[in-house]
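Nothing in this text is a laboratory measurement; each read-out follows from the coordinates by a stated rule. None of these values were measured; they are calculated from a predicted model. Virtual Cβ from ideal backbone geometry, glycine too; neighbours counted across all protein chains shown.
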Amino acid sequence: MKKVSWAFTMALIALAFGYNTANAKWESLGGVLTSPPECVSWGANRIDCFVKGTDNALWHRWWNGSRWGGWESLGGVLTSPPNCVSWGANRIDCFVKGTDNAMWHRWWNGSRWGGWESLGGGLTSPPECVSWGANRLDCFVKGTDNAMWHKWWNGRSWGGWESLGGGLTSPPECVSWGANRLDCFVRGTDKAMWHKWWNGRRWGGWESLGGVLTSPPNCVSWGANRLDCFVKGTDNAMWHKWWNGRRWGGWESLGGVLTSPPECVSWGANRLDCFVRGTDKALWHKWWDGSRWNKWESLGGVLTSLPECVSWGANRLDCFVRGTDKALWHKWWDGDKKPGATFSCEEKRYCKEMASCEEAIYHLQKCGNKHLDHDKDGVPCESLCAKKTCSTQLKAAQKERDQAKHAKKVLEQQLAQLRKQNASCQRGLNATKQQLQAVQKQRDQANQAKKALEQQLAQLRKQNAWCQSGLKATKQQLASTKHQLALCQNGMNVTKKQLASCQRGMNATKKQLASSQRSLNATKKQLASCQSGLNATKQQLTSCQRGMNATKQQLASCQNALAQATKKPAKLDLSGTWVGENYTCYGNFGQLVQIRETIRIEQTGNSIVATKITGDACVPAGNRTFAGTLNANAKTANITWTTGLPRRPASSQARGSLTIIDHNTMTGNPGGVRFKRIPPK
């Protein structure tokens, strides 16, 4: 069965249901796109479109007013869709994110393309650039810190990157409604729309405009101090918020079911045209005509990217999308209807409700038979068409509708026939598949049986070879066995002899064992004797240990005694009362007398002064004085005593010394006196 092409089928269906393909105006511009298109116009009837190609380079195609130029590669290695802007006639500036996450720039100066230049930065979004005047560019990106960053060209040089803060979850969207004025919009971390603006002197702070966004914002200005922003909401509808020069209006829903961010453009004051991709992947359009929002209309097509629309003049719109074949597709509005004459199949159903012949023709062509004279109200659509031309157009439209109905009926019949043929073919195909499966199954079974037989035959051949080999081996083993039997007989005879020899050896071994037992017993006795000697040695060692301990104690005692002997004695203090015995002096008559006397010694440092107290038979009390000093070794004291009696010979005045025995004993010389300290009471 011949396969019917998809394009031919769609053309038949369009014809059957009254879709005028001549008015659809979709045209393919070729190419192989890997990004949404980016288009810009720098003058009337001029359009330049840019895309990322399969080689990640920037590609360019343009409309010069009469025809499309061919695709040209501008090189580069892009990691984002391009963003292009024009600040004057015959001037274009394009910006992309490179493989190094920096922003790269290439420009057309009216005669040639400049080379790629890096503008640095660390981008995490495609760049968004805008111009508010000749030779002025302002570019905005989302940085690695999720803040918005800004870089600008002032006509002479690029300014440095500056952070404008914020917490972005979408690329920035910026627009200018006048010289030295910029308004930027982003989606924040709370999914609301946030706004920051430049008023010519400074940046205003971030302000929240609320809402719950599921797409980046899209904003446009159709006049000074006017802004209109559009987003996709959580209900997938398009929502709108506007600035009228004094305040922000509230969020309003414009309905629709979006599968892409909105793309809006203005071709004149108080005019807005918005385009989105619908759930059927077609391009849908909604517009503001200055007084109200018109209903959504489908512009057909099958989109695989968000739309990109641009206007180069009043009542002119050009939209570009990527198709299912990855080519660039183009649809345009050239204002062929009367201004404001926008028709819809909704609401109006009868001829008497039509406002013009054009609207009646639109309904005949676009909306189907049910919308006209359904209730046979007797008001024919011809009554709307005063002019012969319009009437002729209406009749032609009616004829076209009848032809479409007939074509639809024929198509339905062909479609039913094709379905029957397809069903019959499907049944035949299923039967053929079953037969083929049965044949394949039988063939598989035969192959399996053949394979099994081949395996069995190979196994039998192996077994036969094994049997032959085994028979030959058996014969060899039989001959070998006979030989081994003879050898065994000889071996048995030898073994008997060896057994007899072994018996003799065993007897000798028994004798050796007995002798070894006796040696073992002797060894045990020696070990017992050694144990006794070892015990005695242990006792001697213990005694020696005790002797060593005693010796250590004696050595310690000697060391203590030596230390005491060499220790410097404490300084003696002889102060106190002392009694002297065996003391010899001269009596009143010159004779030597032994006396007992008591003296009191007072010591200051090493100086000694002694005073007699009692008991001197030689000299009256008070007449004898002692004076002296301790020697340096504190063992002796030099003492001088004087009688004080002039009648006595000078020999009665004598010098003597006292030897200190300890704190309580001294001996004197000459005279052999011995002093004892009297303990204090």
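Summary of values
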quantity: Extension gain (nm, one decimal) between N549 and R226, 0.36 nm per residue minus Cα-Cα; calculated: 104.7 nm
quantity: Estimated FRET transfer efficiency (K326, A423; beta-carbon r; R0 60 Å; 0.05); calculated: 0.95
quantity: Whole-number D in µm²/s for the range 109-214 (Stokes-Einstein; Kirkwood sum over Cα pairs; 37 °C, 0.692 mPa s); calculated: 225 µm²/s
quantity: For L209, distant residues with modelled amide H under 5 Å away; calculated: M193, W194, H195
quantity: Virtual spin-label span in nm between E27 and L436, 7 Å along Cα→Cβ; calculated: 4.6 nm
quantity: Mean Cβ neighbour count within 10 Å, used as a protection proxy, ranking 120-126, 558-564 highest first; calculated: 120-126, 558-564
quantity: Highest average packing first - 480-487, 599-606, 268-275, Cβ atoms within 10 Å; calculated: 268-275, 599-606, 480-487
quantity: Label-to-label distance, nm, for residues given as A44 and Q445 (7 Å Cα→Cβ offset); calculated: 8.5 nm
quantity: Extended-chain gain in nm, criterion 0.36 nm per residue less alpha-carbon gap, T34 and S532; calculated: 168.6 nm
quantity: Fully extended contour minus Cα-Cα distance, from Q489 to E162, at 0.36 nm per residue; calculated: 106.4 nm
quantity: Highest-first arrangement of 419-426, 279-286, 135-142, 248-255, where packing means the average Cβ count within 10 Å; calculated: 135-142, 279-286, 248-255, 419-426
quantity: Under the Karplus curve 6.51 cos²θ - 1.76 cosθ + 1.60, θ = phi - 60°, whole-Hz ³J(HN,Hα) for the range 194-200, x wherever Gly or Pro sits; calculated: 10, 10, 9, 9, 10, 9, x
quantity: R0 of 51 Å, Cβ-Cβ distance Q459-S519: FRET efficiency to nearest 0.05; calculated: 0.10
quantity: Q540 versus V257: modelled label distance in nm, points set 7 Å from Cα along the beta carbon direction; calculated: 11.8 nm
quantity: Computed E for A57/S111 - FRET, C-beta separation, R0 22 angstrom, nearest 0.05; calculated: 0.50
quantity: Solution diffusion estimate, µm²/s, Stokes-Einstein, the range 27-333, Kirkwood Rh from C-alpha pairs, 4 °C, viscosity 1.567 mPa s; calculated: 66 µm²/s
quantity: Set K241/K326; K97/K241; K25/K326; K295/K409; K52/K232; K326/K405 screened for pairs whose C-alpha atoms are more than 27 Å apart; calculated: K241/K326; K97/K241; K295/K409; K326/K405
quantity: Cα gyration tensor category, rounded, prolate or oblate, for the range 42-136 with a/c compared to 1.5; calculated: oblate
